[in-house]
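First comes the structure, then the notes that go with it.
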Ligand code: IPE
Ligand code: IPE
Ligand code: MG
C-alpha cells in the first residue's frame, strides 16, 4: 500500500479526518476497478478548445485517480485509453493520442516508481507504432517489481477481438492435439484472455454519460457492478471515485444466487 508514501501536508490523513476516506468501508473495497474514461472530446469542445486538449487533460486526471484508488486499497485499476475502434477517428487525433501515450509513459514513470505502481497493458500490439510498443515494454519492465496498485491500461483494446484471439489460440492447441475440446472450460478460456491471471473487475465506472460498454472487457464484466456519471473524464475526481465505491458498497452481489440473508 502506498498510503503513507504520498501523504503531503495538503493530503488530510485519516487521523485528521480524511473526507476522502470518511464513510468508506475499508473491508469492502472493490479489488479490481475498471474505468471507461470517456468524454475528453466533449469536455474540450464545451470550452471551445480542440478535442486533443481534452485528451491531455484526461491523462492528468488519471494520475489523481491512480493515487487515490491505491490509497483506499484498490489492487487493480484497468483503464480504457484507446479502443480497436478508435482508429476510425481522424489521423491527427489518433497521432496525438499515440504521442500522448508515449509522453505519459515517459513522464509518469518516475512518479509511478515513487508510488510503487506496477504497470501492465491489455490489447493487441498489432497496428501500434513501434515507438509506442517500446515505451509500453519499458514501463512494464521497469515497474515489474513494484508492490503497489496494478495499473492495467487498455491500449488498442477490443473485447470482441480479445475473445476471437483466445478462440484462435485454443483452436490451435486443439488442432495440435494438446487439448481436447472437452477440456475447454471457463478457466482454460480465461487463460487465453489478455487479463490472464487477474480477477474479474468488481466495479465498472463509465464517465461521459453514455450507458454502454463500447467493447470493453466483454467477458470479464459478467458480474461487475456498474456505475456511471455524466461528468466528462477530465473532470473526474477522487471524490467521484469515492462515490462510485460507496455505491458499490451498498450493492447486494448475488452472482445469480440469493442474498445472504435469505
Ligand atoms: C475518451 O474520450 C478517450 C478516447 C476514446 C481516446 P473521447 O475522445 O471519446 O471523448 P468524447 O466521448 O468524444 O467526448
Ligand atoms: C470508449 O469510448 C473507449 C475509450 C474510452 C478509450 P468511445 O468514445 O470510443 O466509445 P463510443 O464510441 O462512444 O461507444
Ligand atoms: Mg467517447
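How many of the residues making up the range 22-74 are in a helix (DSSP H, G or I) and away from ligand 3 (no atom under 16 Å from the Cβ)? Break it down into steps so the answer makes sense when it comes.
First, pick out the residues of the range 22-74 that are in a helix (DSSP H, G or I): 40-45, 51-72.
Add one more test, that the residue is away from ligand 3 (no atom under 16 Å from the Cβ), and what stays is 60, 63-72.
So the count comes out to 11.
If residue 200 meets every condition in (1) under 13 Å from the mean Cα position of the chain (by Cα); (2) within 14 Å of ligand 2 (Cβ to nearest atom) apart from one, which number is that one?
(2)
If residue 20 satisfies every condition in (1) within 16 Å of ligand 2 (Cβ to nearest atom); (2) more than 17 Å from residue 202 (Cα to Cα) but one, which is the exception?
(1)
Considering each of 120, 89, 63, 125 in turn, give the residue that is more than 18 Å from residue 162 (Cβ to Cβ) and in contact with a helix residue (DSSP H, G or I) (Cβ under 7 Å, 6 or more places away or on another chain).
That would be 63, the only listed residue that is more than 18 Å from residue 162 (Cβ to Cβ) and in contact with a helix residue (DSSP H, G or I) (Cβ under 7 Å, 6 or more places away or on another chain).
Among 41, 73, 23, which is touching a helix residue (DSSP H, G or I) at 6+ places or on another chain (Cβ under 7 Å) and on the phi > 0 side of the Ramachandran plot?
23
Only one of these is at negative phi, within 16 Å of ligand 1 (Cβ to nearest atom) and modelled with pLDDT of 95 or more: 86, 28. Name it.
Only one candidate passes the filter, namely 86.
Considering only the range 128-138, I want to know if a residue exists there that is under 21 Å from residue 204 (Cα atoms) and at pLDDT 95 or above.
There is no residue in the range 128-138 that is under 21 Å from residue 204 (Cα atoms) and at pLDDT 95 or above.
The values are calculated or read from the model by the stated rules, or taken from the named source; none is laboratory data. Remember, predicted model here, so these are calculated numbers, not experimental data. Methodologically, a virtual Cβ is constructed for each residue, glycine included, from the backbone with ideal geometry; neighbour enumeration extends over all protein chains shown.
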